[in-house]
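Trainee: My questions all concern the structure below.
The values are calculated or read from the model by the stated rules, or taken from the named source; none is laboratory data. Remember, predicted model here, so these are calculated numbers, not experimental data. Cβ sites come from the backbone with ideal geometry, for glycine too, and all protein chains shown count toward neighbours. Heavy atoms of the whole protein, side chains included, go into the accessibility calculation; ligands, DNA and RNA do not. Shrake-Rupley method; radii C 1.70, N 1.55, O 1.52, S 1.80 Å.
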Amino acid sequence: KLRRVEKITERRESGDGQRVSIRATERSMQQILDYLSAAAGKNIRAENAALEREFRKLRVRLPELENVAWTTVLQLACEQHGLRVDVRAERENVLLIWNPLRVSFTFRDADLRDAIWSIALQAQLNIVLDPEVEGQVTASMTDVAWDVALTSILKANGYVMVREGPGSRASPLRIGQP
């Protein structure tokens, strides 16, 4: 049985990029991404086929929004399901949506390098530690996105992570001084 699907976005151009108005209350993630992709002229895709299939099932609830940046709507939709937006390939008009693995740990006066390796193993990350990375960490986190966990313990010790290489999420993270 076919049924009509009403338009959920309206597109406007402004000095700071495409703006949209959302009249939807609840839609599938795929439907929201398709409309935003068309409105922004960007290719918004999942990082893998399994997540792409999941987008059809995920439901997104949005309030009525008038004349907002399309990126705001994208962030709101992704935040509801703990998803992240990788904008490193935006110059090629590609945005990747990814789902960070979740980690759990308890460190008490642990060596910072050991804590980093522990998170990297749980999250299946490729990392490169600069030789000067040292310190201690005391932290306990349960079922936290790996990027939030790693950023927290690095920041507490004055370090940052930077993705090396092109837009691929398989590129290693370099951890060192800002």
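Trainee: Modelling each spin label as a point 7 Å along the Cα-to-Cβ direction, I'd like the L121/E90 distance in nm, to one decimal.
Mentor: 3.7
Trainee: Using the alpha carbon gyration tensor of the stretch 43-128, what are the three equivalent-ellipsoid semi-axes (square root of 5 times each eigenvalue), largest first, in whole Å?
Mentor: Here the semi-axes work out to 31, 16, 14 Å.
Trainee: Ok, one more. Over the stretch 63-178, what is the mean sequence separation of C-alpha contacts under 8 Å (at least six apart), divided by residue count, expressed as relative contact order in percent?
Mentor: For the stretch 63-178, the relative contact order is 23 percent.
Trainee: Still on this model: Once you sort the root eigenvalues of the Cα gyration tensor of the stretch 88-150 as a ≥ b ≥ c, which label holds: rounded (a/c under 1.5), prolate (a/b larger than b/c) or oblate (the other case)?
Mentor: oblate
Trainee: Using unit Cβ charges (K, R positive; D, E negative) and no other charged atoms, how large, in debye to the nearest 20, is the dipole of the stretch 28-178 about its Cα centre?
Mentor: It comes to approximately 420 debye.
Trainee: While we're here: Taking a cut-off of 23 Å, what percent of all Cα-Cα pairs in the stretch 56-178 are separated by more than that?
Mentor: It works out to 41 percent of all Cα pairs.
Trainee: In the stretch 93-164, what percent of the accessible surface is made up of carbon and sulfur (1.4 Å probe, ligands and nucleic acids excluded)?
Mentor: Percent of accessible area from carbon and sulfur atoms in the stretch 93-164: 50.
Trainee: Once label points are set 7 Å from the Cα along Cα→Cβ at both S104 and A38, what is their separation, rounded to one decimal in nm?
Mentor: 4.3
Trainee: If you don't mind, another one. Using the charge dipole of the stretch 38-165 (Lys, Arg: +1 at Cβ; Asp, Glu: -1 at Cβ; taken about the Cα centre), state which of I153, V133, L101 has its Cα farthest towards the positive end.
Mentor: Farthest along the dipole direction, towards plus: L101.
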